[in-house]
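Scroll down for the structure; my scribbles are underneath it.
Values in this text are rule-based calculations from the coordinates and carry no lab data. Keep in mind it's a predicted model, so treat the numbers as computed, not measured. For neighbour counting, all protein chains shown are included, and Cβ atoms are generated from backbone atoms with ideal geometry for every residue, glycine included.
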Amino acid sequence: MTLKQRLALGAYGWFMRLLVPLLLLRLWRRARREPLYGTAMSERLGYAPMTAPGAVWLHAVSLGETRAAEPLVRALRMLWPDVRLLLTHGTATGRAAGELLLQAGDFQCWVPLDTPSAVQRFFRRHRPVMGILMETEVWPQLLHEAQRAGVPVVLANARLSDKSLRQSLRFDALLRPAAASLAQALAQTEADAQRLRQAGVTDVQVMGNIKFDQRPSPELLAAGESWSAGLSRPVVLAASWREGEDAPLLAAWRALLDRRAADAAAQPQPLLLLVPRHPQRFDEVARLVADAGLTLVRRSAWGAGGPGTLARQAQVWLGDSMGEMPAYYACAQAALLGGSFAPLGGQNLIEAAACACPVFLGPHTFNFAQAADGAVAAGAAWRCADLDAAVSAACALVECSDARAAASAAALAYAGQDQGAAVRMAEAMRRFIFPTAAR
C-alpha cells in the first residue's frame, strides 16, 4: 500500500468514526417503522456474541443479495454438508430473509459499521475461515481488516456497472487497495470482469449469474395463481417500485382507465398490482394511490383467505407483504420493472422470468444490463421509452392470449438457459474453505 493509500484509509477511518452517532441515530429512527432495525444494535459496533472459529462468513447486505445467496448456500451445503455459516446483513429485509437460510450451528448478525474498531472486534469474535461478499459490497476498512486477520474474501456473483467503475476510480486511493485485497472475484459477465480488473481486482473469473439458479417457491406460485383465478380481468404488476416512479405510474394508469371508461367497446379494466421495493414506503404509496383517485385494497387485508369481493373490484392492489414476490409475479400476466423508469439502474428481472412473467423495462437498466439485454433478445422483455408507453404495451399484451402465452413461454425458457453458476462458484471457493487440503 502506498503512502497516499495509507493516508486515504486513515482519513476514511476517522471520518467513519465521526459518523457513528449519526448512523446509529438513523438506524434508531428507521426502527420506528421497521422494528428489526432496533434489535442487537451493539452488533453494529462489532459486539456480537462470540462464535466458534472456522465458519464461512457470507455477507448479503439486503433482500436482493440475500435471495441471490440462496442458490450459493444450497451449493455449499450440497458439496460440504458440515459447513457452518456466519450470515451478516445491513438491512432489516435482508436479515429477515437470511433467517430462512440458517441451520443448526449457523449464526446471524448485523455487519459492523466500517470503522477500524468495530471491524476488528468482528473478526476477533468470529474468526471465519473465509468471507463471501455478494455482488458489490466492497467496504475499505472491512477488507483491510480481513486481510490483516488472514481471512480471504471472495466477491461472489460480482457485478460492476460503468457508472460504479467511474465512481470507484474517483476514489482510487481508497478503493483500489480494497479491490486488490480481494482473494478472488467471481463475475457475472466478461464485461463485469473487465471493469473489476480496472478497479484493481487481480484474480477475476467469469462464472455467470447465480440468479438463474433461484427457484421460486411452488407454494407461492400457486398462491399467486389462485389470487388471479377469481378475477375476470388481467393483472399488470409494478414490481419492486421505487421512490420517484410512483407519480408517473399512477398518472399513466389513471389516464389508461379514463380512456377505457370512455370507450364502450373496451375490454374489462385491468388491475394494477403495485409492490414497493421498500416496506417503509407501504403507507406512503397507499396515500399516493388514494390521492390519484384510485380505489385500493392492501394485500395484508385479505390474509391467507385470498382476495374478497372488495379486492376484486378495486383498481389497485398494494403488495404490502414481504417474501411473496413469486406470488405477485404468478398473479400477474405482465410486469413493469421498478427502478428502470427512473435513473436507478433497474432490478433483477430473472426472478420474473422464472415465474413465467414477461417484463416491460424502462430506459435505465445499467445495474443489470446483460440480463436485461438477454431477456429482450429472448422475447421475455421489451424496452419502453417511458411509463405511458410501458403501461399501454403491457395492457395490450395481457389482453391478447396468444401473445401472452408466447411471452410467458419465452420467459421460462430464458430463465432456464444459464443455470449452474452457484455450483461453479462453490467449487471455486474450495481452496479457501479447505486451505490445508488445497496446499
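Observations on the structure shown:
- Helix 3-31 vs. the chain, principal-axis angle (Cα, 0 to 90°, nearest 10): 50 degrees
- Nearest-ten-degree value, helix 172-181 long axis tilted from longest Cα axis of the chain: 80 degrees
- Built from the Cα atoms of segment 43-191, the convex hull projects on average onto 8.6 nm², one quarter of its surface area.
- With only Cα atoms counted, segment 310-427 has Rg and Dmax values of 14.7, 52 Å.
- Within segment 218-415: Cβ-based charge dipole about Cα centre, in debye rounded to nearest 20 (Lys, Arg +1; Asp, Glu -1): 220 debye
- Dipole orientation for segment 218-415: of the candidates 390, 268, 344, 268 has the Cα lying most toward the positive pole (charges on Cβ; Lys, Arg +1; Asp, Glu -1).
- Sorting 433, 132 from the fewest to the most surrounding beta carbons within 10 angstrom yields 433, 132.
- The charge dipole of the chain, taken about the Cα centre with unit charges on the Cβ atoms of Lys, Arg (+1) and Asp, Glu (-1), comes to about 1520 debye, rounded to the nearest 20.
- Between residue 335 and 237, 359, 360, the built amide H atoms are under 5 Å apart, and every one of these is 5 or more places off in sequence or on another chain.
- Taking 279, 358, 35 as the candidate residues, the one with maximal mean-square fluctuation in a Gaussian network model of the chain, Cα springs under 10 Å, is 35.
- Computed from Cα positions, the angle between helix 190-199 and the longest principal axis of the chain comes to roughly 40 degrees.
- Annotation for segment 40-112 versus segment 303-353: alpha-carbon center distance of 27 Å.
- When you restrict to C-alpha pairs under 8 Å that are six or more residues apart and normalise by the size of segment 218-415, the relative contact order lands at 24 percent.
- Considering only the Cα atoms of segment 218-415, their convex hull presents on average a projected area of 10.1 nm².
- Fewest-first sequence of 126, 364 by Cβ atoms within 10 Å of each Cβ: 364, 126
- Put in order of Cβ neighbour count within 10 Å, fewest first, the listed residues 271, 257 become 257, 271.
- When the P(r) is computed for the chain, the part past 36 Å accounts for 30% of the Cα-Cα pairs.
- Placed amide H near residue 185: partners under 5 Å, 5+ positions off or other chain: 155, 203, 204, 205
- A dipole drawn for segment 154-270 from +1 and -1 charges on Cβ atoms has a positive end, and of 230, 202, 250 the residue lying farthest that way is 202.
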